[in-house]
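So the structure is just underneath, and the comments pick up after that.
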Amino acid sequence: MAILQPLIDMAEICYRQGIRHAVISPGSRSAALTLAFARHGGFQAHVCIDERSAGFIALGMAQQIDAPVVLICTSGSAAYNFAPAVSEAFFQQIPLLILTADRPKEWQHQYDGQTIYQTGIFGQHVKRSFEVSPDYQHSDVQWAINRITNEAINLASVAPNGPVHINVPIREPFYPSEGEGFNASREIRVIKRQKNDIVWPQTFWEELLDEWESAPKILIAGGQNKPDAALNAVLNRIAEEWQIPVLGDCIANLSGKEIIRHHDLFLGKKNAENLRPDLLITFGMSFLSKEFKQFIRKNPPKYHWNISEDAFLADPFQSVTRDISGKAVSLLGNLFEKLDYQSFVENSDLAHDTAFHALWLENERNACQKKHEVLRNLSMFSDLTLLDLIFKFIKSNFQLHIANSMSVRYANVLATENGWSGVFANRGTSGIDGCVSTAIGAARVNGQPTLLIVGDVAFLYDRNGLLLDNLPKNLKIVVLNNAGGNIFRMIDGPGSLPELETFFETRHSFSAQRTCEDSGIAYFRVSEAEGAENVIQEFLNFDGIALLEGFTDPVENTRAWKALKRAAH
């Protein structure tokens, strides 16, 4: 008999805790885990042969549903291939439950296949790592597996969310005999964890209000954040009623007519010092704009409040004076109410400098105007002209996913006037690995049109994510093919080196066409401005998954991008 009952119960606990998706990479040692989830009946099982892609597919799903997704793999190097996605999930605070099958410890260094050191394999890139005993018949082990499974799921879902790992050594035999049933134990315990809201004391509010009143120039800036209607409503009231500038990169998912979006274009100006705030309030995770980070480092505010649920004190601006634990929507909402009430009672306006808000808006309007002027005057076909055309035809119900390197930088400048339902990018580690797979995972569960913008190198690096049955029909992919890593021409340093093309750009002659043929994806291509609009519209209107590959020249891309940055300065 090879029914490993505690592993069947592990699947049942996951189900009762609300988990509904499991991404599984095939293997032998993991058979008992795989069958526990596949035969349960309550999970959507997604099979991916490449563990690296599987990890990012699970990440994309968990990113959308804001709940843990289970990852399962066999023993050995298979587990290591989860590492890029696990590290991204850790720094992007996305909940994953990673179950890695393992060989018993006594077989390490015995030349037994697929046997490596798996205990704590993900190091500090998980919230916690557990390991269960392979002696499943012992009652203490059964109790421990029940407890550990509950604890791991709860931990993954407690702010800050993140990946949690359970290493599962399994002895042979582990394949069930014919007719053996997979039924959960009757005595399974599901342990729920109560989430408590933070209550800030009165002394805390008094200190905040004192600092607010002594800071005439106030700026609010959002880092990477999921779409949040309640937070947007609060920020727009602050911007409109109090005339305080609110700034956000595209991945901050801030919407509103007064949101500052083009700061990356104008903060490098020589006379930008007058935009320095006395009080800076930040929230969210990573900030995409290098210009903004450098601006604040050079022009630090007197006060800097950072609102975060992070376990670490993050200070990329080197200026934080107050680290506030909690949700931005709660803090800013309460702050608005208290200041609004104080203003009403005292029958006076707030004392901050509204001209500061007008100055930020003036710079925003000028940068946006110059951007459109440059785009209208570009005579050669480039990444910028292609994406500008695509964004003009995009409907407001699309969700946007962006790869790293130049793709996310282009989108941060160009994708500012669309009504996206959400903008997502893997900015936890900012690697190029996994962006295709993440978008695939997201499109599988988000139920809406999804657009991925990706460079050729990042696409080629992650093609194995497309080795899936039933690819999501709601996914559209745009590949910017400039025959290499074009960003290395854009940034200071490698662009002037003789080794640029060989060791940095890695020039190539590959395209996405054959990948599309292998995966059953409709393929479109464009290499010049003439006729591009028709191809783009046909691509966007195609009923099913489709890919548009734009072939551009890296030299022209560099010229166009630098012209845009130069015009705004």
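The values are calculated or read from the model by the stated rules, or taken from the named source; none is laboratory data. Model, not experiment: these values are computed from the prediction. Note: ideal-geometry Cβ built from the backbone for every residue, glycine included; neighbour counts use all protein chains shown.
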| message | Quick check on N150: is it polar (S, T, N, Q), more than 30 Å from S325 (Cα to Cα), crowded, with 16+ Cβ neighbours inside 10 Å and at pLDDT 95 or above? | response | no
| Which one of S382, S343 is at pLDDT below 90 and either exposed (fewer than 15 other Cβ atoms within 10 Å of the Cβ) or more than 23 Å from N274 (Cβ to Cβ) (or both)? | S343
| Complete set of residues in segment 401-425 that are among the small types (G, A, S) and crowded, with 22+ Cβ neighbours inside 10 Å | A403, S405, S407, A411, A415, A425
| query | How many residues does segment 497-539 contain that are modelled with pLDDT of 85 or more and of a type in the set (F, W, Y)? | reply | 4
| task | With the checklist (1) of a type in the set (S, T, N, Q); (2) in contact with a strand residue (DSSP E or B) (Cβ under 7 Å, 6 or more places away or on another chain); (3) at positive phi in hand, flag the one item Q114 doesn't pass. | result | (2)
| field | Filter result for the condition that a residue is buried (at least 17 other Cβ atoms within 10 Å of the Cβ), more than 18 Å from L71 (Cα to Cα), in contact (Cβ under 8 Å) with a residue 12 or more places away in the chain and among the hydroxyl-bearing types (S, T, Y), over Y175, Y136 | value | Y136
| note | The residue from A62, A38, A45 that alone is among the hydrophobic types (A, V, I, L, M, F, W, C) and touching a helix residue (DSSP H, G or I) at 6+ places or on another chain (Cβ under 7 Å) is A45
| field | Cβ pairs under 6 Å, 6+ apart, first in segment 178-201 and more than 24 Å from R147 (Cα to Cα), second in a loop (DSSP other than H, G, I, E, B) | value | E180/I3; I198/G326
| request: For segment 435-443, state whether one or more residues are of a type in the set (A, V, I, L, M) and modelled with pLDDT under 95. | output: no
| query | If you scan segment 245-284, which residues turn out to be of a type outside the set (S, T, Y), in a loop (DSSP other than H, G, I, E, B) and surrounded by fewer than 20 Cβ atoms within 10 Å (Cβ to Cβ)? | reply | G256, K257, E258, G268, K269, K270, N271, R276, D278
| So L209 clears everything in (1) surrounded by fewer than 13 Cβ atoms within 10 Å (Cβ to Cβ); (2) more than 29 Å from the chain's Cα centre (by Cα) except one condition, right? Which one? | (1)
| query | Would segment 263-281 turn up any residue that is modelled with pLDDT of 95 or more and polar (S, T, N, Q)? | reply | no
| Check on G27, assigned to a loop (DSSP other than H, G, I, E, B) and either without any contact (Cβ under 8 Å) to a residue 60 or more places away in the chain or buried (at least 24 other Cβ atoms within 10 Å of the Cβ) (or both) | no
| remark: Residues in segment 76-129 that are under 23 Å from the mean Cα position of the chain (by Cα) and assigned to a loop (DSSP other than H, G, I, E, B) total 9
| remark: Picked from segment 224-238 (must be aliphatic (A, V, I, L, M) and surrounded by fewer than 19 Cβ atoms within 10 Å (Cβ to Cβ)), the residue nearest to the chain's Cα centre (by Cα) is A229
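State whether the residues of segment 213-221 include one that is buried (at least 19 other Cβ atoms within 10 Å of the Cβ), under 12 Å from V329 (Cβ atoms) and touching a Leu at 6+ places or on another chain (Cβ under 7 Å). Working first, answer last.
Of the residues in segment 213-221, the ones buried (at least 19 other Cβ atoms within 10 Å of the Cβ) are 215, 217-221.
When the remaining residues are screened for being under 12 Å from V329 (Cβ atoms), the result is none.
Looking for residues that are buried (at least 19 other Cβ atoms within 10 Å of the Cβ), under 12 Å from V329 (Cβ atoms) and touching a Leu at 6+ places or on another chain (Cβ under 7 Å), one finds none in segment 213-221, hence no.
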